[in-house]
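**Q** My questions will all concern the structure given below.
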């Protein structure tokens with residue numbers, strides 16, 4: 001039935017498109033360098049008109065709504081000789097014109113372009129998403145948060161207000177700034193970096209510091225055909241900074257409330273005169289306190305990248321990232337009370353001053369090879385190794401009495417993780433008669449292991465001398481501090497305490513995007529076959545599955561496309577032991593989605609609107625009666641998530657940039673698992689999302705006059721109908737959430753000064769739920785009104 005719906009839509013839209021093609025006309029093409037590399041950010045203009053644009057990352061450009069006639073297309077950039085070509089445009093047709101410049105890719109990277117790049121709008125995804133087509137044509141909702149947005153909003157980590165830029169994204173405040181844990185379309189989405197799935201446990205990965213991040217791509221719905229194992233709700237892909245071939249650098253200093261001191265250095269340039277050997281080096285150091293006593297989060301990053309152009313067709317890039325986190329006990333963010341949410345002061349903490357810190361060392365190494373077989377076919381191979389170790393603790397109460405007093409318990413959290421990942425994929429284009437083919441095929445492999453000891457715990461308070469939130473003592477506790485037994489190796493302790501997660505997978509996939517009517521109608525047919533072996537918490541299981549994908553995208557005109565999509569997912573699951581016993585099988589699910597995308601004002605800003613329905617089968621859920629030291633789970637059965645999403649981003653007027661979005665989300669239980677009946681019933685609302693989310697961030701910069709470069713920004717976040725993040729439903733509901741931020745900035749050729757105030761209204765903001773095993777509410781409060789001031793110097 002679902003396939004028939006898509007076919008009917010295809011026939012209808014094909015007819016509509018054919019009729020429209022009799023009227024509309026357009027010009028598009030590509031610009032490449034002498035060594036056959038795409039020429040990005042080169043200025044394209046039509047002489048004797050006001051029309052102009054710049055090439056995208058893959059060298060593409062286009063002009064829509066062109067009247068029939070003879071035009072001269074001009075390619076220019078500072079320091080280059082301009083090139084011109086004359087074309088004839090006829091009604092109802094798309095005229096193709098391509099340019100090959102005399103300069104090499106490295107030479108092109110050295111020149112400045114006359115057009116201003118888009119600050120907020122991105123037209124192409126990264127190469128790591130493997131999509132060889134503009135975002136406007138992709139039959140899926142994909143939102144890209146640019147590096148300029150990160151800088152304007154002073155985002156310094158994945159958990160630092162980033163999700164305001166994507167419709168429907170909500171963060172569960174789990175372990176503070178240790179992990180991102182982003183929920184979208186009713187489920188927690190998967191974390192990727194440069195196309196690799198880097199999730200190795202329920203709690204990972206470590207939040208990326210933004211110093212080495214170029215931009216972040218949010219893919220909504222299944223993306224297994226592109227990136228291996230993925231959740232039906234979607235994923236986010238962190239794309240790291242790479243060498244550009246330009247000799248440049250940037251140094252920044254940031255200070256702010258609660259003892260924030262941060263510095264970053266970004267160096268970009270050549271290591272050989274011929275420009276074949278390039279480098280990029282990013283460094284950062286941060287000291288950061290908290291509005292709560294005894295909390296801190298210090299970070300250090302070293303991220304070098306080398307790339308070598310072996311010949312005109314082959315390039316190798318090697319990248320290493322080291323993140324060091326030194327932070328206070330990760331459980332200190334949680335506040336407990338039987339009296340309800342926000343029953344204690346916003347700055348309340350139960351963290352004693354002398355508890356040893358949590359230390360994390362996160363290493364990753366990636367090797368990427370790209371080989372241009374010819375003008376139409378490209379082969380990419382990449383391998384990655386991730387190594388992570390952690391030694392720290394988490395603080396929880398053993399129980400909470402009716403007066404709110406409790407005994408604090410410190411649990412050991414020592415863990416290590418290793419991942420070896422590999423990918424090979426082929427992109428190519430060919431024609432068969434009147435049909436254009438955009439082909440993707442590849443192989444993914446991965447080996448992951450995670451060992452953790454969180455079975456040891458120590459009560460720091462004595463019976464009769466319980467910790468009293470009404471009169472907190474943050475000095476040396478009655479029982480002193482823990483001295484955990486680390487004499488036995490971690491692997492043995494993890495095996496005894498149900499702390500091992502292992503996974504091996506391999507998959508092969510093929511996708512063909514068939515283009516009809518000058519590629520105005522694009523039919524996507526794809527499939528992936530995946531085999532997985534895993535052992536989560538002493539419960540080994542294996543599975544194999546074929547997941548199909550069918551999509552249709554139709555260009556109503558050069559600025560507008562409509563699409564429909566049906567695809568499936570097959571995802572390994574890692575969680576606690578099942579209360580019903582047995583093994584945790586991989587999750588299966590499907591996504592049905594329809595949407596419309598439109599570029600406005602010659603591509604300066606765009607909008608997207610999508611509706612979707614997702615089904616997920618046998619998803620593992622945490623049992624609300626279990627404890628963090630002894631996690632137990634159950635199989636839900638089936639849940640259905642559905643919703644509407646709207647996103648807007650780009651330059652509305654010269655100097656005026658806007659990111660705005662809204663999402664309505666509804667997620668409910670549709671089938672109950674055999675052992676889940678005592679916890680949930682059909683029709684129950686699934687926890688962990690907000691029914692209504694709305695965000696906006698507006699920035700305006702003066703482009704002329706005495707105050708040229710001066711700007712103002714403002715942003716707001718609204719969450720309505722918030723659901724708790726566990727199945728334990730207390731007597732109180734989370735209140736409506738509203739946060740207002742704003743700031744000022746000044747930007748010159750080399751210097752930029754940015755100041756922002758967060759939580760301007762100084763509201764008591766928090767997220768939380770109810771723990772039935774404690775008979776208490778818990779919540780995590782956000783910071784009161786606070787500020788950040790950054791100074792950046794480009795050289």
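We did not get these values from a lab; they are worked out from the coordinates using the rules stated. Treat the numbers as computed from the prediction; the structure is a model and nothing was measured. Cβ placement follows ideal geometry from the backbone for every residue including glycine, while neighbour counts extend to all protein chains displayed.
**Q** What FRET efficiency comes out for residue 542 versus residue 374 if R0 is 56 angstrom and r is the Cβ-Cβ distance? Round to the nearest 0.05. Mind dumping the intermediate values first?
**A** On the way: r = 40 Å, r/R0 = 0.72.
Calculated transfer efficiency: 0.90.
**Q** Set the Förster distance to 30 Å, then compute FRET efficiency between residue 36 and residue 296 from the Cβ-Cβ distance, nearest 0.05. Display every interim value, and only then the final one.
**A** Working: r = 51 Å, r/R0 = 1.70.
Calculated value: 0.05.
**Q** Note down the relative contact order for region 160-226 as a percent, whole number, built from C-alpha pairs under 8 angstrom at least six residues apart.
**A** Details: 54 pairs, mean separation 15.0, N = 67.
Computed value for region 160-226: 22 percent relative contact order.
**Q** Report which label in (1) 13, 36, 29, 16, 6, 0; (2) 14, 43, 33, 9, 0; (3) 15, 50, 30, 5, 0 holds the value of P(r) over Cα pairs in 20 Å bins from 0, in percent derived from the coordinates of this structure.
**A** Of the labelled values, this structure produces (3).
**Q** While we're on this one: Using a Förster distance of 25 Å, how high is the FRET efficiency between residue 718 and residue 214, based on the Cβ-Cβ distance and rounded to 0.05? Don't skip to the answer; put the middle values down first.
**A** On the way: r = 29 Å, r/R0 = 1.16.
In this case the efficiency is close to 0.30.
**Q** Stretched out fully, how many nm does the piece from residue 473 to residue 489 gain, at 0.36 nm a residue minus the Cα gap?
**A** Numbers: separation 16, 0.36 × 16 = 5.76 nm, distance 3.54 nm.
Answer, rounded to one decimal: 2.2 nm.
**Q** Full extension from residue 666 to residue 785: what is 0.36 nm times the residue separation minus their Cα-Cα distance, to one decimal in nm?
**A** This chain segment gains 39.7 nm when fully extended.
**Q** Mean separation of Cα pairs under 8 Å and 6+ residues apart, divided by the residue count of region 127-240: what relative contact order is that in percent?
**A** Values: 204 pairs, mean separation 34.2, N = 114.
It comes to 30 percent, rounded to a whole number.
**Q** Additional query: With axes computed from alpha carbons, what is the tilt in degrees of helix 2-21 against the longest principal axis of the chain, rounded to the nearest 10 within 0 to 90?
**A** So the inclination is approximately 30 degrees.
**Q** Modelled label-to-label distance, residue 253 and residue 674, 7 Å Cα→beta-carbon offset: nm?
**A** If labels sit at residue 253 and residue 674, their model points lie 6.6 nm apart.
**Q** Here is a follow-up. Residue 508 to residue 702: extension gain in nm, 0.36 nm per residue of separation minus the Cα-Cα distance? Each step should come with its number before you reach the end.
**A** Details: separation 194, 0.36 × 194 = 69.84 nm, distance 5.12 nm.
That pair, residue 508 and residue 702, stretches by 64.7 nm at full extension.
**Q** Considering the zone a paramagnetic label at residue 794 would reach in this model (a point 7 Å from Cα along the Cα-to-Cβ line), which residues of region 751-782 have amide N under 12 Å from it?
**A** Under cut-off, by backbone N: 751-753.
**Q** Something else about it: I want to check the label-to-label distance for residue 320 and residue 435. Put each point 7 Å from Cα in the C-beta direction and report it in nm to one decimal.
**A** Going from the residue 320 label point to the residue 435 one covers 4.9 nm.
**Q** Further question: Please work out the Cα center distance from region 411-454 to region 556-571, rounded to the nearest Å.
**A** 22
**Q** What number, in percent, do you get for the relative contact order of the chain if the mean sequence gap of Cα pairs under 8 Å and at least 6 apart is divided by its residue count?
**A** On the way: 2238 pairs, mean separation 85.3, N = 795.
This gives 11 percent for the chain.
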